[in-house]
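In what follows, a structure is listed as structure tokens, so that the remarks can point back to it.
The values are calculated or read from the model by the stated rules, or taken from the named source; none is laboratory data. Because the structure is predicted, anything quoted here is derived from the model rather than measured. All Cβ positions, even for glycine, are placed from backbone atoms using ideal geometry, and neighbour counts span all protein chains on display. These area figures cover heavy atoms from the full protein model, side chains too; ligands, DNA and RNA do not enter into them. Shrake-Rupley method; radii C 1.70, N 1.55, O 1.52, S 1.80 Å.
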Amino acid sequence: MDTLLFNIKRLPNLLDPFKRIFAKANLLWITPLVGMILFIIAMAAFLLILHVRDERLIRETMMRDIELSRQTIRKNLQSTQDKMAQMARDMAREIVDDLGFIRLAREHLISAPELAHIGYMDNERFARWSISNENLVLPELHPADELIEEAESYWAFITAKDSAKPVFSRPYIGPNNVAFLELHAPIANDRGHFLGTVYAALPITSLLDEAIPKEFQGRYLISIIDGGGNPIASNGSRNLERAVEAYEVILDPPGQGLKLRAIALQSNTQLIQSMLTWTVAGLSIVIIWGFFMLMRHGHARTKAENQLYAEAEFRKAIENSVSTGLCVFDLQGKITYSNPGLTKMTGFAEELLIGTSCPFPFWPNTQPTEHKQNLDMMLSGMAPENGLEQIMIRKDGSQFTARLYVSPLINANGEQTGWMTSITDITEPKRIREELAAAQERFITVLEALDAAISVSTPTENGVCDLLFANSYYRLWFSDTSDGAFGLNSIIQTTEQGVFECFWKENQRWFEVRRRTINWVDRRLVYMDVTTDITERKLAAENAKIQQEKLQFTSRLVTMGEMASLLAHELNQPLSAISNYSMGGVSRLKSGRCTADDLLPMLEKVTQQAQRAGNVIRRIREFVKRKAPQRKSATLHKIIEDAVVFAEIDAKNREVEIVIEALGDDFPDVFADRILIEQVLLNLIKNGMDAMVNTPSIYRRIAVKVERTSKTLVLSVSDHGSGIPEAIRDKLFEPFFSTKSEGMGMGLNICRSVIEYHDSRLEIEENQPMGTRFVFALPIYQKHIHQPLEEENHDITQ
């Protein structure tokens, strides 16, 4: 009952999903939903009324039955009480022996089969006589001649003695865990003296068995309980899960707080009724669930229909928006469908195309046989996968090239019903492809006509490059090499971009390779090499270098030629001194007045003058000696002194003073070619003296100055001449340009080449307050860097 009420209370919550569905449902679902709800309410009310009526009927029946059982128990106990009182009176009137007691007791046992024992207890509480019920096999409670000590028996004995009335004891557990009640009836003589009691032992279980009808066994669980509600005896053991109702009544006699309790058990009729209730409830749930599932199915179906409708509209929108023409042919070659794209492409309306057969309106009349063959091929399923290309005609008569892709049209049963054809206008793409092919051909023609080798390659895991493209010059120069088409990559072992020069031993030629990284057509990073034959250029550069060296040598010879007379004067002085000292010594020897001490000073002076002449000749020989340029460690002040010695011969005649500034032994060596730097200094000093021809003699001064930086020694040659105009400064270093009428115009060009060979620049500055200043720098010699570059000079004089 409570469970059903709880479920009814929860009914609004259970209907929440249906409320949400109902809010979305249309009128089609409202009628069955209302009918189902009314049916469930009616069935619930019917079952509730039936359940209440059954519970009331069960309770009324149980109260009547339990009252009947209580009356039976009460009647039996009252009858036993009366019989024991009569037996006590009989024993008080007559002197009864043990046999007489047994006779009286046996009569009572026959009339009261629920009694287990009947006995006599004297006034001292000693059990004298007793007899047991033969039908109840129970141990004897009070053996003969024993003092009664049990608490309940003692209490009943004392109470009967004091009250002079029959008294029931409280229930107690005897042998074999059997619950007993004892009835003590007092025995008193005529004078009122207490002689003892007649007691009867009643097993409570036997009392229930005698008092409860057999038909109650399946319907009730009847128990005698004490004042604390604990069962003392029951008519059997039952599963209380089947209990549906309980009822209790007081037992008097025997009193003592004893009650008779009955628990109604679920009968088969009730079980059937309960099953009916649950069946109805289950059917209601099934109906609800079925309706719910039906609504879900309907909702899902509606949703699917909406999706199908949306998808159909979407596909229709796609078909209407695509520029590709779609056309469906049945198995006989008749058009059954066309989209707006085909109408837009050909100009023929959909109504005009559907239902038409070969020949179709978009076929030109010029190629009917070819078009018919294509149609037969399509209907036979032999159309190529890459499509069919054919000429089609528009409604206005213009022609275009189309490509047709054909695929079978399969219905839902897996049967082919026709052919789906997509038609694409490829007129413009075809024109573009032809233009691209022509452009490609022109590009290849240009690459093949170049006088440079063009190649594209990509590196592989083993370090070998795969050749992706090569023009004719590449194949001509490299494809016949020992390592096949990879000859160029075998000599250019680099992955860096830039310009490289390499020598190819196979054909003894020099090549210049310009390498850069590009993205290939498949987005790979590859190398593009442009290779040019520079053999002639290398030979020309080598010849130019040789000519430059010859020109430098010739310039030194010219310089020595210009200074020949001055050098002769320089050599004439020591030679004349040698001759004079020799002649004087000879004269003294001939006169006989010469001693060794007189000759020794003259010979020493002769030796000094000879060394002086030898130094002059050595300097001239080194200066004009032709050899390959060679940079090595050189002492700068020695180079300057040798150059000044040569220049001073001409400077004395021109009244020019040459001054060396800031020159000392603390300057480090430089990394340079000594002869070439000496030639540069000599040329710059001579140019300075030529520039001061019109300068007053007091200002004719050339300064050679040395300054030090962190890694170089800076040399400057300054004069006080007329200066160089700004307009011609850029032309001074050009070959054969000279400001002097008798000059060749090669001096400064050679000086610039020499300084650039030493990784520096020859610069021109104004000298204050007048004149010109030439400045250049030489690197300081560093042994750990420049030592490996030093080699022995080789004379290349031809």
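Things worth noting here:
- Flag for G347 being farther than 20 Å from L409 by Cα and either more than 46 Å from the chain's Cα centre (by Cα) or open to solvent by 90 Å² or more (accessible area, probe 1.4 Å) (or both): yes
- Within this structure, A438 passes the test of being closer than 28 Å to L468 by Cα and free of Cβ contacts under 8 Å to residues at least 24 places away in the same chain.
- Of everything in region 84-107 that is under 18 Å from G192 (Cα atoms) and not in a helix (DSSP H, G or I), the residue that is least open to solvent (accessible area, probe 1.4 Å) is V96.
- Residues that are among the aliphatic types (A, V, I, L, M) and either more than 14 Å from Q86 (Cβ to Cβ) or part of a helix (DSSP H, G or I) (or both) within region 108-130 comprise L109, I110, L115, A116, M121, A127, listed in sequence order.
- Among all residues of region 202-216, there is at least one that is touching a strand residue (DSSP E or B) at 6+ places or on another chain (Cβ under 9 Å), open to solvent by 50 Å² or more (accessible area, probe 1.4 Å), among the hydroxyl-bearing types (S, T, Y) and at pLDDT below 85.
- Being over 26 Å from F400 (Cα atoms), open to solvent by less than 70 Å² (accessible area, probe 1.4 Å) and not small (G, A, S) is a property that M295 has.
- Residues in region 363-382 that are open to solvent by 30 Å² or more (accessible area, probe 1.4 Å) and not β-branched (V, I, T): N365, Q367, P368, E370, K372, Q373, D376, M377, L379, S380, G381, M382.
Each row is one residue, and each column tells you yes or no for (1) in contact (Cβ under 8 Å) with a residue 60 or more places away in the chain; (2) of a type in the set (K, R).
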| position | (1), (2) |
| --- | --- |
| N653 | yes, no |
| R674 | no, yes |
| E678 | no, no |
| K686 | yes, yes |
| M689 | no, no |
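Here's the yes/no breakdown for (1) assigned to a helix (DSSP H, G or I); (2) over 20 Å from Q256 (Cα atoms):
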residue: H142; (1), (2): no, yes
residue: E152; (1), (2): yes, no
residue: I158; (1), (2): yes, no
residue: R170; (1), (2): no, no
residue: F180; (1), (2): no, no
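- On inspection, V717 fails the criterion of being more than 20 Å from L748 (Cβ to Cβ) and open to solvent by less than 10 Å² (accessible area, probe 1.4 Å).
- Candidates are the residues of region 370-398 that are part of a loop (DSSP other than H, G, I, E, B) and of a type in the set (D, E, K, R); the one that is farthest from I423 (Cα to Cα) is D396.
- Considering each residue of region 779-790 in turn, none proves to be at pLDDT 75 or above, closer than 23 Å to E726 by Cα and among the hydroxyl-bearing types (S, T, Y).
- Filtered residue count, region 161-193, keeping only those that are hydrophobic (A, V, I, L, M, F, W, C), within 21 Å of E124 (Cβ to Cβ) and out of contact with any Leu (no Cβ under 9 Å at 6 or more places or on another chain): 2
- Condition broken by T695, with the remaining ones in (1) under 30 Å from R631 (Cβ atoms); (2) surrounded by 12 or more Cβ atoms within 10 Å (Cβ to Cβ) satisfied: (1)
- In region 753-778, residue farthest from D666 (Cα to Cα) [restricted to those that are surrounded by 17 or more Cβ atoms within 10 Å (Cβ to Cβ) and modelled with pLDDT under 80]: S753
- Per-region count, region 390-428, residues among the small types (G, A, S) and without any contact (Cβ under 8 Å) to a residue 24 or more places away in the chain: 5
- The residue that is farthest from K783 (Cα to Cα), among those in region 655-680 that are at pLDDT below 75 and open to solvent by 50 Å² or more (accessible area, probe 1.4 Å), is A662.
- Residues of region 108-143 satisfying the condition of being of a type in the set (D, E), within 18 Å of A185 (Cβ to Cβ) and open to solvent by 70 Å² or more (accessible area, probe 1.4 Å): E124
- Hits in region 414-449 - residues which are more than 30 Å from V322 (Cα to Cα) and open to solvent by 70 Å² or more (accessible area, probe 1.4 Å): Q440, E441, R442, F443, T445, V446, A449
- Taken over region 350-362, the criterion of being within 18 Å of E389 (Cβ to Cβ) and either under 56 Å from the mean Cα position of the chain (by Cα) or open to solvent by 40 Å² or more (accessible area, probe 1.4 Å) (or both) is satisfied by F362 alone.
- Restricting attention to region 144-161 and to residues that are within 27 Å of P113 (Cβ to Cβ) and open to solvent by 50 Å² or more (accessible area, probe 1.4 Å), the residue that is modelled with the highest pLDDT turns out to be W155.
- Test result for G192, open to solvent by 50 Å² or more (accessible area, probe 1.4 Å) and more than 21 Å from I222 (Cβ to Cβ): yes
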